[in-house]
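Please read the structure below before turning to the comments.
The values are calculated or read from the model by the stated rules, or taken from the named source; none is laboratory data. Here the structure is a predicted model, which is why all the values come from computation and not from measurement. Using ideal geometry, Cβ is built from the backbone for each residue, glycine included, and neighbour counts are taken over all protein chains shown.
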Amino acid sequence: MTKRFELRVDRIRCDGRGLCAEILPERIRLDDWGYPIIAEGPIPDHLLPLAQRVVEDCPVLALGLRRVDSRTRSSR
Amino acid sequence: MNEARLLAGRDLAMGAEGIAEHVRRLGRMPAAGKSLIDLLARSGLTGRGGAAYPVGLKWRSVAAESHGSAVIVVNGAEGEPHSKKDRLLMTTRPHLILDGAFLAAAALRARQVILYIGEEHYAARQSMSRALAERTAEERRLVRIVAAPARYVAGNSSAAVHLINAGIATPTTTPPSSHERGVDGAPTLVQNVETLAHVAIIARTGQPTGTVLVTMAGGVNRPGVLEVKTGITVGEAVELAGGAPEAAQAVLVGGYFGQWIEAGQGWVLPVDPEALRAHGLTLGCGVIGVLPASRCAVCEVTGIMRYLANESSAQCGPCFFGLRALADACTRIAQRGTDPNDLLRLQRWASEVRGRGGCHHPDGAVMFLQSALKTFAGEFSHHPAHMRRSA
Amino acid sequence: MSTTVLWYATRGAGAVSLILLSSVVVLGILSALRVQAAGWPRFLTTGLHRNLALMTLVFLGLHIVTAVVDPFTHLGWLTAVVPFSSYYRTFWLGLGTIAFELLLAIVVTSLARPWLGHATWRLVHWLTYASWPIAVIHGLGTGTDTWSAWLFVLTALCIGAVLAAVAYRLMADSPDPLAEQRSVFQSAVERREPPR
């Protein structure tokens, strides 16, 4: 069984730099003020490498990948 | 009404009940142990600070982490502007609260009890200090009083812990949460004063009081705190508060993080945390506001949105900018009249902001607004240009 | 290998290192300022910053190795890591060693950032503002007797670019739109001694 992951963001650390939306526009878009809106649900497998890149490249390390199991509630 | 009410005993106007009277009326504080936690879980008591989290569960999670190091934070900050119940309890029944706190300290093996009281709530602070002086030396040794800044967000649990630890009352998102590592890195229980007062009764009688404290506000003849039987209707609570001098158009249940209901439906709602949850509503901090028909709903909502936007701790973009934009759009509608673009923006921003803050401040504000847009749909879509704000 | 070739290699690699390091500093400042344009996404600025930093280490490595291996300089491998331990141009070479080690610390902590966390990484990263000027002074000091016009111009351009970027950073407002609001709010919720 392959592991599924979802992106989580620390909302206080995030300060709207927007690299995440540039790297993974399929799952992240910016609101009117430049802060990320993350699509709910686990990340499709083919996008996982980009999701890992997003986590590494965030200048303030606000993003993380969390393993999804049936008990996890998704958030944006 | 039976003696197990929180506000039973001497007339509230006579001030704080001293320890002698308290013990005479209710008996000595019982010993506490793990059995108290089970008792609380069975009683179904939920928190009375706003989130209505089951008390037994909360205590269990702290107990699991505590090895004699736990900290109890008695949350009397009462940041909600219209709420007065916590201050009333602190100024009239301080020993109920202290009993609850010391029972928690014993059950959770805590070495510290912190009374977190609003910095401007002088009477409450004085009353709690005096009551503390009447307790045993052993109990007094555990306690210190910390002043909560007079801002809305200061009552938030993680903000309280943050203030105690680092001197700034802003909410935090850094894991782990306070029940694992809170004050000084110890497992911490943050509990509202009314909840602790209920604990003091349940520990003695084995039964919940069957009552809740509410603050009646707005268009009622006698605004203020009432202790009502759980399950009476909002309409009955209004009658207990002297009735409404004029017909009401809507009720706000749960204060600024609550929901608006059109008066007809609102009047028959049960004042009961669990029953309200089944309706998708919340009793929250217990504020029930009645909006008279003569008031302008849009202007009232706008004033509250402006307040909530200003109370954002500005740590998260979606909350700070989003609530500000929502409040500005409401202000434009209030002052210049309805513009369909503003209505669309309100809907869009509300759904985008929700869930994207570090704490629940934006969620509370957005749900408040969304309930207003639904309840006052007509008023919002046809508002003329004026700005009438009540005091 | 002819000592002249080695000597030219050392100087060449040193010059390239200086250009690369200066670009890295400028790109770092542009990243912090969140500079962005149509067709130039922010991740490009940070990506270039990172890749050029790694390239800098490569050329620095070349610069150091060719210098140590060159029999004319009588440098041992120790001088690459212990500052002021050479007989040849002790002071200026020592500066080079320091600049190199600071840069190494910065790069290593950057690579290990996911494990070290943001706060530690940021603290060490400030050392850039020590590493770059020390590297420049090292270059000026070790090259004084063999200066050529192109090296002088190159160094001047690098210094100019970095100084311009630093000036820009000092004059610009905080790029974080919440910075001011956050501190205003925080002073409103700081612990105060309650009145008696």
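All of B:Arg48, B:Arg60, B:Arg24 fail the test of being outside any loop (DSSP other than H, G, I, E, B), charged (D, E, K, R) and under 30 Å from B:Ala275 (Cβ atoms), apart from B:Arg60. Taking segment C:73-89 as the range and being part of a helix (DSSP H, G or I) and surrounded by 13 or more Cβ atoms within 10 Å (Cβ to Cβ) as the test, the residues that pass are C:Thr79, C:Ala80.
Which of the following residues is over 19 Å from A:Leu30 (Cα atoms) and not in a loop (DSSP other than H, G, I, E, B): C:Ser31, C:Ser22?
Selected residue: C:Ser22, the only one of C:Ser31, C:Ser22 that is over 19 Å from A:Leu30 (Cα atoms) and not in a loop (DSSP other than H, G, I, E, B).
Okay, residues lined up against (1) more than 28 Å from B:Ala123 (Cβ to Cβ); (2) among the polar types (S, T, N, Q); (3) touching a residue at least 40 places away in the same chain (Cβ under 8 Å):
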position: B:Leu6; (1), (2), (3): no, no, yes
position: B:Leu36; (1), (2), (3): yes, no, yes
position: B:Leu39; (1), (2), (3): yes, no, yes
position: B:Arg42; (1), (2), (3): yes, no, no
position: B:Ala52; (1), (2), (3): no, no, yes
position: B:Ala70; (1), (2), (3): yes, no, yes
position: B:Gly79; (1), (2), (3): no, no, yes
position: B:Lys85; (1), (2), (3): no, no, yes
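Scanning segment C:36-89 for residues that are among the aromatic types (Phe, Trp, Tyr) and more than 13 Å from every other protein chain (Cβ to nearest Cβ) yields C:Phe59, C:Phe72, C:Trp77, C:Phe84, C:Tyr87, C:Tyr88.
Residues of segment B:39-83 that are under 14 Å from B:Ile117 (Cβ atoms) and of a type in the set (D, E, K, R): B:Glu78 alone.
For segment B:328-338, which positions are in a helix (DSSP H, G or I) and away from chain A (no Cβ under 14 Å)?
Scanning segment B:328-338 gives B:Cys330, B:Thr331, B:Arg332, B:Ile333, B:Ala334, B:Gln335, B:Arg336.
Note on segment C:1-35: residues that are under 22 Å from C:Tyr168 (Cα atoms), among the β-branched types (Val, Ile, Thr) and away from chain A (no Cβ under 14 Å) amount to 4. In the set (1) farther than 20 Å from B:Val183 by Cα; (2) more than 11 Å from chain C (Cβ to nearest Cβ); (3) among the small types (Gly, Ala, Ser); (4) assigned to a helix (DSSP H, G or I), the condition left unmet by B:Ser83 is number (4). Give me the residue from segment A:42-71 that is within 14 Å of chain C (Cβ to nearest Cβ) and part of a strand (DSSP E or B) and, out of that set, surrounded by the most Cβ atoms within 10 Å (Cβ to Cβ). Of everything passing the filter in segment A:42-71, A:Leu63 is surrounded by the most Cβ atoms within 10 Å (Cβ to Cβ). The set of residues in segment A:1-28 being within 10 Å of another protein chain (Cβ to nearest Cβ) and outside any loop (DSSP other than H, G, I, E, B) consists of A:Val9, A:Leu19, A:Cys20, A:Ala21, A:Glu22, A:Ile23. Checked against (1) over 17 Å from the mean Cα position of the chain (by Cα); (2) within 14 Å of chain C (Cβ to nearest Cβ), B:Ala159 passes all but condition (1).
Of the residues that sit in segment B:114-138 and are in a helix (DSSP H, G or I) and buried (at least 17 other Cβ atoms within 10 Å of the Cβ), which one is nearest to the other protein chains (Cβ to nearest Cβ)? Only one residue fits best here, namely B:Arg125. Residues being away from chain A (no Cβ under 14 Å), among the charged types (D, E, K, R) and either under 30 Å from A:Gly18 (Cα atoms) or free of Cβ contacts under 8 Å to residues at least 24 places away in the same chain (or both) are represented in segment B:307-317 by at least one member.
Looking only at segment B:261-286, which residues are under 17 Å from the mean Cα position of the chain (by Cα), of a type outside the set (S, T, N, Q) and not in a helix (DSSP H, G or I)?
B:Val271, B:Asp272, B:Leu281, B:Leu283, B:Gly284, B:Cys285, B:Gly286
Could you tell me whether B:Glu379 is within 14 Å of chain A (Cβ to nearest Cβ) and surrounded by fewer than 24 Cβ atoms within 10 Å (Cβ to Cβ)? Answer is no for this residue.
Restricted to segment C:117-137, and to residues there that are among the small types (Gly, Ala, Ser) and exposed (fewer than 15 other Cβ atoms within 10 Å of the Cβ), the residue that is nearest to the other protein chains (Cβ to nearest Cβ) is C:Gly117.
The requirement of being away from chain C (no Cβ under 13 Å), part of a helix (DSSP H, G or I), of a type in the set (Asp, Glu) and buried (at least 18 other Cβ atoms within 10 Å of the Cβ) is not satisfied by B:Asp184. Every condition in (1) modelled with pLDDT under 95; (2) loosely packed, with under 12 Cβ neighbours inside 10 Å holds for C:Ala167 except the one numbered (1).
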